[in-house]
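Asker: Sending over a structure as structure tokens; questions will come in a sec.
The values are calculated or read from the model by the stated rules, or taken from the named source; none is laboratory data. Worth saying up front: this structure is predicted, and the values here are computed from it rather than measured. In this analysis, Cβ positions are derived from the backbone assuming ideal geometry, glycine residues included, and neighbour counts consider all displayed protein chains. Quick note on the areas: whole protein, heavy atoms, side chains included, nothing else; ligands and nucleic acids left out. Shrake-Rupley method; radii C 1.70, N 1.55, O 1.52, S 1.80 Å.
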Amino acid sequence: MTDQTSPARTPQRLDEVITGGIGTSPLRPDGTLKVRGEFAYSSDLWADGMLWGATLRSPHPYARILSVDTGPALAHPGVSAVLTHQDVPGENIYGLKTADTPALAEDVVRYKGEPVALVAADHPETARRALEKIVVAYEVLEPVTDPERAAHDDTLPALHPGGNVVRYQPIVQGDPDAVADVVVSDVYTLGMQDQAFLGPESGLAIPDEDGGVDLFLATQWLHVDQRQTARALGLPLEKVRFTMSGVGGAFGGREDLSMQIHCCMLALHTGRPVKMVYGREESFYGHVHRHPAKMYYEHGATKDGKLVYIKARMYFDGGAYASKTPVVVSNATSLGTGPYEVPNVRIEGWGLYTNNPPCGAMRGLGAVQPAYAYESQMDKLAKALDMDPVLLRQINAVSEGSTLHTGQVLDSPAPVAELLERLKRLPMPLENRTAPADVRDLPGGISNTTHGEGVVRGVGYSVIIKNVSYAEGADDYSTARVRLEVIGGEPVAMVHTAAAEVGQGLVTVQQQIARTELAVERVNIHPNDTNVGDAGSSSASRQTYVTGGAVKNACEAVRDVLFAKAARRFGERPADLSLVGGKVVSSTTGVIADIADVLGDDVIEETREYHHLRTYELDPVTGQSPRVHVQHAYSAHRAVVDVDTELGLVKVVRLDCAQDVGKAVNPDAVVAQIQGGSTQGLGLAVMEEIQVEGGHIRNPSFTDYLIPTIMDTPPMTIDVIERADPNSPYGVRGVGEPPTISATPAIVNAIRNATGLDLTHTPVGPEHICGPAFARA
Amino acid sequence: MRAFEYAAARTPADAFARTTPRTAYLAGGTTLVDLMKLGVVEPDAVIDINGLGLRGIRLDRDGLRVGALERMSDVAEHPVVAAEFPVVAQALQASASPQIRNMASIGGNLLQRTRCGYFRDVATACNKRQPGSGCPAQTGANRGHAVFGTSASCVATHASDLAVALVALDARVELAGPAGRREVPLADFYRLPGDSPQVENDLRPGELVTAVAVPRLAFARRSTYLKVRDRQSYEFALVSVAAALDVRNGTVRDVRLAVGGVGTRPWRLPLAEQALRGKRLTEATARQAVEAGTADARPLAFNAFKPALLRRTAVRTLLALGG
């Protein structure tokens, strides 16, 4: 790193003294800066003398590249470099699960927006103008856009050498030909959802004299970015060092690479720091989205409402590259019955390559889509049985000891029926139909469309199951380094991990754990970087579990060293010692010393990993696995809606949630996660959909891609229950994803309850609510 | 963004002297700057007219007069506008976001360009942006597009809520240009796309909108704006209805009805108005009138729901006003 640069470090003010151990809700160390607008996000990164990078992207969903002429762009004043695939120093291929994605396209582009060339220039506008001077000759090809066809039609062009099926997974349990008294079926579709994080993709790469590069960036997983980037750069890992900068939201959208390889290539090529920042439109093309799905479901039940069988076929559009598609297929199939005991199951899932925008990780990965379908089916079944939909769910609910259709036995609490019961007992909101109603509480709100005319209330429930942490045999672990020393006369702990704070409050949780385990007040969080071991991704609702476990383990190791010192000095047995309020306490002789006195000038530093229990792959033919997932989480929603049945507008009046979190390490953060997740699920229920037409995104802006505003967001009662998982640190159960999954079907079920409509597509718009009536008119 | 010159005009004459076919006037900038960033509009020079005055919200014997540079939020919150012309205040309040309403001018609002995704995407064809290049919206993603006034060249809606309210009230726009001043009814100011959708209005080279005049209309006090949209705030209309009603003893003496989100320009429904005059206002007469006034709707593949949604919204609006 050269002197004239002042690279950003993790821009968090983490030295404020905030107290509070686990089970309390201390202030976020980064909260004050964020609220004041002073927090430095990755787009704020700066180095003196830096260049600006920009990306030339394919305008076509599918085309052959005939030639690329970079000459005119390179001749443009202010341009320092123009790079193509020929300049990729290492292997021009990367991917989270399957290495199938070129850093820069070679002879073919497979989606609109695929990176083709890079420019570095002295100003972002210069860089963009230079992009326009790169001459690419394309032979435009007919794109593959229908995923269901891609699964079965061999006459379509194969977009990748192995064909268009990324993964096919069946799961068969019991008798696949079982018959039942009552049968309901339908075909459900779910639109493409965007993570809609606010901080666009951005990073700053700084070349080092040793031939390596430092990249400061916003990501969900430093080490997997580092590994993929190093491979493309042809450098050993130690020469590709990544440091976390401020992350402006993620929700899965930062799990795949965006500018990482590109920014490093430009920095290494020019020998200058290079910054890249996407605009909003570019961001829509520069990150993966939630897989749209088409799902055929059939449920059979006895006339008493016991589920006899579920048959399902699901198609997931992975777009041009695999990303997390294999995991979407395994999650969707292994969780595709919902949290119900079903003796006979046949579920098949396909993840496909098409020329649509690539799809990958998003909150609720692979569980959102089937949950919308199976919870729609449960309401449809209840209607066919003339049965209370909550009761139908409860009599079929799994509980601890139940066997799922994969053969996995649930080895920890599964209070599914209880979650529903708690919601059912919550008071109902009053109906807002007595004049003069406040229009803000009615469908259309301030748009003034109704004062009660046409408004019908509906209530809907849902309950869902989601896996927590990585599955299918992945060695899922995290690493923490904890250092204890005396600073200014008081003991101070420093926690160093690579785990990404993406807004969820992980920095707070790590501090809480260290305070609890080490009985010190001051806990600093070291900037996240690749100088410490892998933490895995901030995804799959796993960081409090896995990184929390690593911090706990490292703290315990530090404590053991401290106890050994104290025992030697004071003639105590280490096993008798504990830490309370900054002091070492003996169970036989009471307080023996301040931690600071025991430490003196010594520094204790220990690094530990946490690995969760081993998981196993799904059998490729039967889908059976003794433990495909290490943990399951459950959440239930009750949605109350008012629907303007004439104009098709929906007001979500209340969205109440009950969720088992095992142990609420930070109760306020748990509630906030559930509120945020519920709102993201509301978006998918009534407004969020990326419109894709022939491979082109038609609404790549936050004016045209709608996410809920505060006006659309209802009051929520959040009922958090804690049934400890004996296998996880402190008994925690992942929190972040489940509410996103259960909110959507609860709202759609409530709209069905109000309208009597089938509603086989989400998000639901006026045309779906009024469409059938319009057709009659 | 393409490089451009910037100049702040001190007087109208100064502004006119600087105009060429390759210049654009800048007021609030909420449309122009956005489209410049996208490369949809690429002027050589931007002439800032914010120093020209063109302010004032006044009600006198002739009616309401609003300077073109008044901000949307100032007009929406003006007590006289809210009391005498509630449809105008409501249409403004239902527009855009508070931040945009604080920046955007009234004149700019009336001249805003369509939100059609093809118009905004320079990688696609669009007859409005690039005459003769084609109109992919005819068969493409056209859920939000128009059902009135469309042509084989263009099916984009006019995006302004305010214009719908003003057309209902027979508003006029005051224009000034190098050749002098003139006044045009707003309804005539907007052009149908025909085979030249790039020409959206009657403005002559260098001309500016200087003010909007709304004639006095006693029953405008009984007016309202209903807007059906996919989100409660910050979203364009799927359909909208502006209406003013003069009803005595249950009989309609006069009525004004205009609709938005459905037309290639703000769309008045004269046949519906005519059908209602002298009739008792009931759900049946309202429905018949609205059906008569909207019979020429021509839906596209993905907006087939719009005519029926519009009719229901219009009937709802009339009954709400008449009740």
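Asker: From the residues A:Ala267, A:Met244, A:Tyr278, which one has its Cα farthest along the dipole of the stretch A:240-281 in the positive direction, the dipole being from +1 and -1 charges on Cβ of Lys/Arg and Asp/Glu about the Cα centre?
Answerer: A:Ala267
Asker: Same structure again: Return the Rg/Rh ratio of the stretch A:595-706 with Cα-based radii and a Kirkwood Rh.
Answerer: Dividing the radius of gyration by the Kirkwood radius yields 1.17.
Asker: Roughly speaking, what is the centre-to-centre gap between the stretch A:134-149 and the stretch B:1-78 when only Cα atoms are used, to the nearest Å?
Answerer: 42 Å
Asker: Can I ask one more? Beyond 27 Å, what share of the Cα-Cα pairs of the stretch B:1-133 remains, rounded to the nearest whole percent?
Answerer: Roughly 30 percent, once rounded to a whole number.
Asker: Also, I was wondering about something else. Taking the Cβ-Cβ separation of B:Lys37 and A:Asp475 as r and a Förster radius of 56 Å, what is the calculated FRET efficiency to the nearest 0.05?
Answerer: My answer for the efficiency is 0.75.
Asker: Between beta-carbons, use under 12 Å as the cut-off and find the net charge around A:Gly695, counting Lys and Arg +1, Asp and Glu -1. Please list the in-between numbers first.
Answerer: Details: positive: A:Arg110, A:Lys112, A:Arg698; negative: A:Glu114, A:Glu142, A:Asp146, A:Asp317, A:Glu693.
Neighbour charge sum, excluding A:Gly695 itself: -2.
Asker: Please tell me the relative contact order of the stretch B:210-314 in percent, rounded to the nearest whole number, where contacts are Cα pairs under 8 Å and at least six residues apart.
Answerer: It rounds to 20 percent for the stretch B:210-314.
Asker: If you roll a 1.4 Å probe over the heavy atoms of the protein chains, what accessible area per residue do you get for the stretch A:10-126, in Å²?
Answerer: 42 Å²
Asker: In Å, what is the Rg of the alpha-carbon atoms in the stretch A:118-167, and how long is Dmax?
Answerer: According to the Cα coordinates of the stretch A:118-167, Rg and Dmax are 18.0, 50 Å.
Asker: Here's a follow-up. For a quick check, take a GNM of chain B with Cα springs below 10 Å and name the residue from B:Ala168, B:Ala284, B:Ala242 with the largest mean-square fluctuation.
Answerer: Its mean-square fluctuation being the largest, the pick is B:Ala284.
Asker: Sort A:50-60, A:546-556 by the packing proxy (mean of other Cβ within 10 Å over each peptide's residues), most packed first.
Answerer: On the way: A:50-60: 23.3, A:546-556: 26.2.
Going from most to least packed, we get A:546-556, A:50-60.
Asker: Quick one: putting +1 on the C-beta of Lys and Arg, -1 on the C-beta of Asp and Glu, what dipole do you get for the stretch A:628-777 around its Cα centre, in Debye to the nearest 20?
Answerer: Value, rounded to 20: 260 debye.
Asker: Normalised by the empirical 2.2 N^0.38 Å for globular proteins, what value does the Cα Rg of the protein assembly as shown take?
Answerer: 0.99
Asker: In Å², and per residue, what accessible area does the stretch A:311-453 have when probed at 1.4 Å with the other protein chains present?
Answerer: 29 Å²
Asker: Which chymotrypsin sites (Phe, Trp or Tyr not before Pro) in the stretch B:224-274 pass both tests, a DSSP loop state and at most 10 other beta-carbon atoms within 10 Å? Don't skip to the end; give the middle numbers.
Answerer: Values: sites: B:Tyr225, B:Tyr234, B:Phe236, B:Trp267; in loops: B:Tyr234, B:Phe236.
Passing both the DSSP loop test and the Cβ count: no residue.
Asker: In the stretch B:1-49, which residues become less accessible by 40 Å² or more once every protein chain is in place, relative to the chain on its own, using a 1.4 Å probe?
Answerer: Buried on complex formation: B:Met1.
Asker: If you place +1 on the Cβ of every Lys and Arg and -1 on the Cβ of every Asp and Glu, how big does the dipole about the Cα centre of chain B come out, in debye to the nearest 20?
Answerer: Rounded to the nearest 20 debye, it is 740 debye.
Asker: For the stretch B:229-312, restrict the atom set to alpha-carbon positions and state the Rg and Dmax in Å.
Answerer: Rg, Dmax (Cα atoms, Å): 13.6, 43.
Asker: Using the alpha-carbon centroid of each, what span in Å lies between the stretch B:216-271 and the stretch B:111-139?
Answerer: 28 Å
Asker: Is there a simple number for the mean count of other chain Cβ atoms within 10 Å of the Cβ of residues in A:707-714, and what is it?
Answerer: Per-residue shielding by partner chains comes out at 3.
Asker: Further question: Measuring from the lowest to the highest alpha carbon on each principal axis, how far does the stretch A:311-458 reach, largest first, in angstroms?
Answerer: 54, 42, 29
Asker: Rolling a 1.4 angstrom probe over the protein heavy atoms, how many square angstrom per residue are accessible across the stretch B:60-158?
Answerer: Accessible area per residue, the stretch B:60-158: 35 Å².
Asker: Roughly to the nearest percent, how much of the accessible area of the stretch A:41-148 is carbon and sulfur, given a 1.4 Å probe?
Answerer: With neighbouring chains kept in place, the figure for the stretch A:41-148 is 48 percent.
Asker: How large is the direction-averaged shadow of the alpha-carbon convex hull of the stretch A:190-242, in nm²?
Answerer: On the way: hull surface 19.0 nm².
In nm², the orientation-averaged hull projection of the stretch A:190-242 is 4.7.
Asker: Over what distance in Å are the Cα centres of the stretch A:156-203 and the stretch A:548-621 separated?
Answerer: 46 Å
Asker: Now a separate question. Based on the Cβ-Cβ distance from A:Ala137 to B:Ser97, what FRET efficiency comes out when R0 is 41 Å, to the nearest 0.05? Write down the numbers at each step before the final one.
Answerer: Details: r = 43 Å, r/R0 = 1.04.
Computed FRET efficiency for A:Ala137 and B:Ser97 comes out at 0.45.
Asker: Return the calculated 222 nm mean residue ellipticity for chain A, to the nearest 500 deg cm²/dmol, obtained by summing -39500 (n - 2.57) across DSSP H runs with n ≥ 4 and dividing by the residue count.
Answerer: Numbers: 17 runs with 196 residues, N = 777.
Only helices count here, giving -7500 deg cm²/dmol.
Asker: Using just the C-alpha positions of the stretch A:44-99 as equal point scatterers, what log10 of I(q)/I(0) does the Debye formula give at each q in 0.24 1/Å?
Answerer: Computed log10 I(q)/I(0) values: -1.22.
Asker: With every atom except the alpha carbons ignored, what do you get for Rg and Dmax of the stretch A:638-777, in angstroms?
Answerer: Calculated on Cα positions, Rg and Dmax stand at 17.4, 60 Å.
Asker: Principal axis extents for the stretch A:330-416, Cα atoms only, whole Å, descending order, please.
Answerer: 44, 32, 24
Asker: Let me ask something else about it. Where the accessible area of chain B is counted over protein heavy atoms with a 1.4 Å probe, how much of it, in %, is carbon and sulfur?
Answerer: On the way: 6550 of 12750 Å².
Ligands and nucleic acids excluded, carbon and sulfur reach 51 percent.
Asker: Could you sort A:453-462, A:354-363 so that the peptide with the highest average Cβ count within 10 Å comes first and the rest follow in order?
Answerer: Averaged packing, sorted descending, gives the order A:354-363, A:453-462.
Asker: Let me ask something additional. Roughly how big is the B-A contact, given as buried accessible area in Å² (both sides, 1.4 Å probe, nearest 100)?
Answerer: It comes to approximately 3100 Å² buried between B and A.
Asker: Positive end of the dipole of chain B, charges at C-beta (+1 Lys, Arg; -1 Asp, Glu), about the Cα centre: which of B:Gln130, B:Gly250, B:Gln99 has its Cα farthest in that direction?
Answerer: Working it through, the farthest residue towards the positive pole turns out to be B:Gly250.
Asker: Output ³J(HN,Hα) for the stretch A:283-291: one whole-Hz value per residue in order, computed from phi by the Karplus curve 6.51 cos²θ - 1.76 cosθ + 1.60 with θ = phi - 60°, and x for Gly and Pro.
Answerer: So the Karplus estimates, Gly and Pro as x, are 4, 4, 8, x, 9, 6, 10, 6, 4 Hz.
Asker: Kindly provide the helix-only [θ] at 222 nm of chain B, computed as the sum of -39,500 (n - 2.57) over DSSP H runs of four or more divided by all residues, to the nearest 500 deg cm²/dmol?
Answerer: Value at 222 nm, helices only, nearest 500: -7500 deg cm²/dmol.
Asker: For the pair B:Ala7 and B:Ala82, what calculated FRET efficiency results from E = 1/(1 + (r/R0)^6), where r is the Cβ-Cβ distance and R0 = 45 Å, to the nearest 0.05? Write down the numbers at each step before the final one.
Answerer: Working: r = 37 Å, r/R0 = 0.81.
With a Förster radius of 45 Å, E is 0.75.
Asker: Using only Cα atoms, figure out Rg for chain B and give it as a multiple of 2.2 N^0.38 Å.
Answerer: Rg over 2.2 N^0.38 Å, computed on Cα atoms: 0.98.
Asker: Which percent of the accessible area of the stretch A:299-413 is formed by carbon and sulfur heavy atoms (probe 1.4 angstrom)?
Answerer: Ligands and nucleic acids excluded, carbon and sulfur reach 52 percent.
Asker: To the nearest 20 debye, what charge dipole does the protein assembly as shown have about its Cα centre, counting +1 at the Cβ of each Lys and Arg and -1 at the Cβ of each Asp and Glu?
Answerer: Values: 108 positive and 126 negative charges, 756 e Å.
Computed about the Cα centre, the dipole is about 3620 debye.
Asker: Counting only other chains, what is the mean number of Cβ atoms within 10 angstrom of the Cβ of each residue in peptide B:136-149?
Answerer: 2
Asker: Quick one: net charge of B:Leu238's neighbours, Cβ under 15 Å, K/R +1, D/E -1?
Answerer: Combined, the nearby Lys, Arg, Asp and Glu give +1.
Asker: I'd like the mean, over residues of B:224-230, of how many other protein chain beta carbons sit within 10 Å of each residue's own Cβ.
Answerer: Partner-chain Cβ atoms within 10 Å, mean over residues of B:224-230: 6.
Asker: Also: How large is the translational diffusion coefficient of the stretch B:1-69 in µm² per second when you combine the Kirkwood radius over alpha carbon pairs with Stokes-Einstein at 25 °C and 0.890 mPa s?
Answerer: Translational D for this selection: 185 µm²/s.
Asker: To continue, here is another question. So what is the diffusion coefficient of the stretch B:171-229 in µm² per second by Stokes-Einstein at 10 °C and 1.306 mPa s, using a Kirkwood Rh over Cα pairs?
Answerer: For these conditions, the coefficient is 117 µm²/s.
Asker: How would you order A:183-189, A:558-564, A:198-204, A:497-503 from highest to lowest mean count of nearby Cβ atoms within 10 Å?
Answerer: Ranking the peptides A:183-189, A:558-564, A:198-204, A:497-503 by packing returns A:497-503, A:198-204, A:558-564, A:183-189.
Asker: Positive end of the charge dipole of the stretch B:132-226 (Lys, Arg +1 and Asp, Glu -1 on Cβ, about the Cα centre): tell me which of B:Cys154, B:Ala220, B:Gly177 has its Cα farthest that way.
Answerer: B:Ala220
Asker: Another question, if that's okay. When N counts the residues of the stretch A:427-492, how does its alpha-carbon radius of gyration compare numerically with 2.2 N^0.38 Å, as a ratio?
Answerer: Normalised Rg, Cα atoms only: 2.49.
Asker: Can I ask one more? Which trypsin sites (Lys or Arg not before Pro) does the stretch A:577-642 hold that lie in a coil by DSSP with at most 14 other beta carbons within 10 Å?
Answerer: Values: sites: A:Lys583, A:Arg608, A:Arg614, A:Arg627, A:Arg638; in loops: A:Arg614, A:Arg627.
Those that pass, being in a loop and sparsely packed, are A:Arg614.
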